[in-house]
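Participant: Let me begin by handing over the structure; questions about it come next.
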């Protein structure tokens with residue numbers, strides 16, 4: 001958690017972290033500032049010291065609201081910096097970083113950099129900084145493994161409250177979708193509006209976005225509501241024009257975040273409208289059994305990858321091909337068991353092939369557990385997903401309860 | 001526009017462009033792919049050739065839907081690349097880029113890179129690529145001036161249709177907000193609910209998000225609805241707990257985008273509930289006069305910065321301090337006249353201090369015109385903003401009409 005930053009910087013021998021970009025929809029900056037309408041800022045924390053927020057003066061009130069020590073970016077003379085850099089804008093920004101680092105007492109050593117920005121522009125600035133400060137080492141980290149992600153992996157109580165609230169909103173919306181569907185009429189096995197037109201996936205997704213907005217959430221990554229063949233392709237989101245046919249598997253995966261780009265929730269159910277054909281029921285039964293088995297086995301401080309192996313083992317025992325045996329698989333159990341969740345919809349700990357021995361169920365982590373089976377050629381897929389918290393006492397807790405039923409009866 | 005990419009690459013002597021990241025809320029990748037649920041992809045275009053999309057196999061259907069030539073990222077053997085890079089993940093990704101560039105016929109030369117990603121991870125990968133391919137030059141570009149932003153600055157008809165549609169949605173929502181406010185009751189000069197509780201800015205913002213979702217838009221950057229002192233600070237978004245007092249200036253700046261991270265609109269009105277005190281009316285009259293004057297003077301192919309200077313001149317003639325005379329200004333006319341708008345809420349052409357002679361009203365550009373005056377110590381501010389298109393025939397067009405009135409009568 002955030003209070004671990006200094007300890008992690010010590011362990012990794014990092015002298016300062018530099019975070020850049022907006023506070024919204026930019027996890028690292030949100031983490032440092034608590035969000036708010038900062039469109040472009042820098043936050044620098046030297047090891048052992050409080051972070052300093054460098055802000056655009058038009059956003060001085062928002063900067064002050066973060067409670068961080070602040071410094072006006074206009075205090076660095078742009079014209080002079082540009083002149084000093086021979087007219088090169090990236091060079092001028094690099095010189096400004098040099099001065100900002102100096103402000104927090106850093107003249108060399110090892111720094112790590114974070115924040116979403118345009119990679120070309122960012123590369124140019126930090127390459128120029130590296131040239132201007134040869135004694136500085138920009139520590140190479142990856143998108144899946146960094147000091148920042150390591151800190152974020154375990155959540156404090158405030159963060160859990162945010163994620164739990166998103167879980168309530170998410171399951172409330174899923175409940176409304178189920179209720180909406182169950183109240184419709186079917187005509188020739190297709191859900192049909194009172195005016196005789198068929199309902200489409202687009203109609204359902206519009207309602208999802210409306211209800212999320214009503215409850216104060218954002219949905220920047222969209223929703224998976226995929227039927228038939230598309231349910232058999234894990235990341236297929238479902239075609240807006242697809243009709244809602246009875247007896248077909250629907251994978252409904254929803255992952256909204258707090259308005260302003262805060263904490264996410266991640267949740268999946270598989271539904272069949274009206275009735276479940278034998279093949280879909282059998283697929284569901286296999287996923288449900290593995291979901292139950294794995295959920296029951298989760299133990300604090302175990303490596304997440306252990307459960308990925310276990311899930312493969314359980315699916316293989318049920319005669320399904322798995323990614324553990326073939327990494328290029330497109331049928332069967334084709335993905336990893338889950339992932340951490342927080343300010344990113346996907347973050348540490350990891351469970352798949354990139355997991356390390358640090359990706360464990362440490363107290364404080366929040367992860368998704370989402371076994372699934374995919375048979376696109378047979379026109380079906382199934383995934384069940386819940387978000388689980390590992391509290392300090394180690395007793396796993398699903399952060400929002402919701403029935404796992406497959407069939408949505410059509411009562412309209 | 002997109003069809004200019006090859007010409008611009010020729011002019012800037014760039015052999016290939018590399019675009020990375022998700023397709024949603026990532027303008028460069030959205031531009032190349034047309035959006036869709038690609039969570040992590042690469043798109044590489046060599047000069048004179050069609051772009052190739054390198055996709056994650058879980059997203060093969062979404063990749064195919066782009067209509068681009070596609071290649072499965074799993075065709076690059078991860079284990080082998082990691083081994084070749086001595087276990088270094090960034091190095092392995094760099095080697096994969098090397099092979100992907102080879103796939104499009106690039107073994108050296110000048111490339112430009114785009115796409116939002118975590119800067120630390122991105123820097124590590126491209127620094128490793130630079131090391132692995134010493135004959136490659138990663139062209140340094142800036143966030144405000146790149147080949148990609150130059151292409152994006154002029155819009156084709158399809159893009160204009162998207163922005164126009166967002167203009168309709170935006171002004172529809174603004175109209176609903178005005179209607180909601182006008183129908184309320186005032187008690188002791190504060191807008192009050194039937195139950196006697198005061199309405200707050202948070203209540204208004206929740207309705208804005210709901211109506212935007214209902215009309216199919218997203219609001220990832222939030223809305224400015226700022227009253228009194230906060231209206232006097234351009235980027236202050238307004239406090240959720242603030243009450244809606246009569247006779248105070250409200251700056252209402254709304255900038256939603258298409259669901260999935262597509263095109264934006266940007267629009268501002270300044271309102272006063274019930275009545276306008278003389279000081280607010282005088283402030284509004286000055287902004288309105290300058291808005292009208294500048295709008296009337298806009299001419300095709302003129303530098304945007306010309307109108308920034310003109311706006312300063314007009315405000316100075318009305319005795320207001322301006323940023324043209326003092327770049328650290330916090331009172332008066334403190335920002336630039338406007339900016340381009342498209343897949344970014346702020347893009348080229350620029351009008352302020354970073355504008356170049358290429359930032360002109362070329363046929364095809366879409367810009368905001370948003371003069372404003374800010375007096376936080378006097379508890380007031382005013383901005384009027386519309387989004388303007390410069391069509392091929394050069395006759396400027398506001399993309400969504402809406403009345404400019406200051407006073408919202410309270411009829412409840």
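We did not get these values from a lab; they are worked out from the coordinates using the rules stated. Please read all numbers here as calculations on a predicted model, not as lab measurements. Here the Cβ positions follow ideal geometry from the backbone for every residue, glycine too, while neighbour counts run over all protein chains shown.
Participant: Rounded, prolate or oblate: which one fits the stretch A:100-222, using the alpha carbon gyration tensor with axes a ≥ b ≥ c (rounded when a/c is under 1.5, else prolate when a/b beats b/c, else oblate)?
Facilitator: Since a/c reaches 1.5 and a/b is larger than b/c, the shape of the stretch A:100-222 is classed as prolate.
Participant: Please find, in a Gaussian network model of chain A (springs between Cα atoms separated by less than 10 Å), the residue of A:317, A:41, A:178 whose mean-square fluctuation is greatest.
Facilitator: Most flexible of the set in this elastic network: A:317.
Participant: Which FRET efficiency value, to the nearest 0.05, do you get for residue B:328 and residue A:377 by plugging their Cβ-Cβ distance into 1/(1 + (r/R0)^6) with R0 = 60 Å?
Facilitator: 0.40
Participant: Relative to the longest principal axis of the C-alpha atoms of chain B, give the angle of the C-alpha long axis of helix B:157-182, reported between 0 and 90° and rounded to the nearest 10°.
Facilitator: It works out to around 30 degrees.
Participant: Fewest to most neighbouring Cβ within 10 Å: what's the order for B:402, B:126?
Facilitator: Going from least to most buried by this count: B:402, B:126.
Participant: How many angstrom separate the Cα center of the stretch A:1-30 from the Cα center of the stretch B:1-40?
Facilitator: After rounding, the separation between the Cα centres reads 30 Å.
Participant: Follow-up question, since we're still on this one. If R₀ is 41 angstrom, what is the calculated FRET efficiency for the pair residue B:395 and residue B:319, using the beta carbon separation as r and rounding to 0.05?
Facilitator: 0.75
Participant: Pick from A:337, A:325, A:314: which is most flexible by mean-square fluctuation in a GNM of chain A where alpha carbon atoms under 10 Å apart are linked?
Facilitator: Top of the fluctuation ranking is A:325.
Participant: Just to be sure I understand: with springs between alpha-carbon atoms less than 10 Å apart, which residue in B:194, B:277, B:57 has the highest mean-square fluctuation in the Gaussian network model of chain B?
Facilitator: In the Gaussian network model the winner is B:194.
Participant: Can you give me the C-alpha center-to-center distance between the stretch B:361-409 and the stretch A:106-178, rounded to a whole angstrom?
Facilitator: That distance is 36 Å.
Participant: Exposure proxy check: B:315, B:180 ranked by fewest other beta carbons within 10 Å?
Facilitator: On the way: B:315 23, B:180 17.
With the sparsest Cβ surroundings first, the list reads B:180, B:315.
Participant: At what distance in angstrom do the alpha carbon centres of the stretch A:308-330 and the stretch B:233-254 lie from each other?
Facilitator: 56 Å
Participant: I would also like to ask the following. For helix B:119-132, what angle does its Cα long axis make with the longest principal axis of chain B, in degrees from 0 to 90 and rounded to 10?
Facilitator: Rounded to the nearest ten degrees, it is 30.
Participant: Then there is this: For residue B:99 paired with residue B:130, estimate the spin-label separation in nm (one decimal), with each label point 7 Å from Cα along the Cα-to-Cβ line.
Facilitator: Using points 7 Å along Cα→Cβ, the separation is 2.5 nm.
Participant: While we're on this one: Quick check on chain A: helices-only [θ] at 222 nm, where DSSP H runs of length 4 and up contribute -39,500 (n - 2.57) each and the sum goes over total residues. Nearest 500, please.
Facilitator: My calculation for chain A gives -10500 deg cm²/dmol from helical runs alone.
Participant: Could you tell me which of rounded, prolate or oblate describes the stretch A:154-408, using a ≥ b ≥ c as the square roots of the eigenvalues of the alpha-carbon gyration tensor, with rounded for a/c under 1.5 and, failing that, prolate when a/b is larger than b/c and oblate otherwise?
Facilitator: Because a/c hits 1.5 or more and a/b fails to exceed b/c, the stretch A:154-408 counts as oblate.
Participant: Does anything in the stretch A:34-58 have its amide N under 17 Å from the 7 Å Cα→Cβ label point of residue A:7, and if so which residues?
Facilitator: Counting backbone N atoms under 17 Å from the label point, the list is A:47-49.
Participant: Here is a follow-up. Summarise the partner chain shielding of B:294-306 as one whole number: the mean count of Cβ atoms from other chains within 10 Å of each residue's Cβ.
Facilitator: 0
Participant: Please report the relative contact order for the stretch A:1-159, taking Cα pairs under 8 Å with a sequence separation of at least 6, and give it as a percent rounded to a whole number.
Facilitator: Across the stretch A:1-159, relative contact order equals 26 percent.
Participant: Also: Test of understanding: ordering A:205, A:83, A:155 by Cβ neighbours within 10 Å, fewest first, what list do you get?
Facilitator: A:83, A:205, A:155
Participant: If you don't mind, another one. Expressed as an acute angle from 0 to 90° and rounded to the nearest 10, what is the orientation of the C-alpha long axis of helix B:278-297 relative to the principal long axis of chain B?
Facilitator: Rounded to the nearest ten degrees, it is 50.
Participant: What spacing in nm lies between the two simple spin-label points modelled at residue B:168 and residue B:404, each 7 Å away from Cα in the Cβ direction?
Facilitator: 2.5 nm
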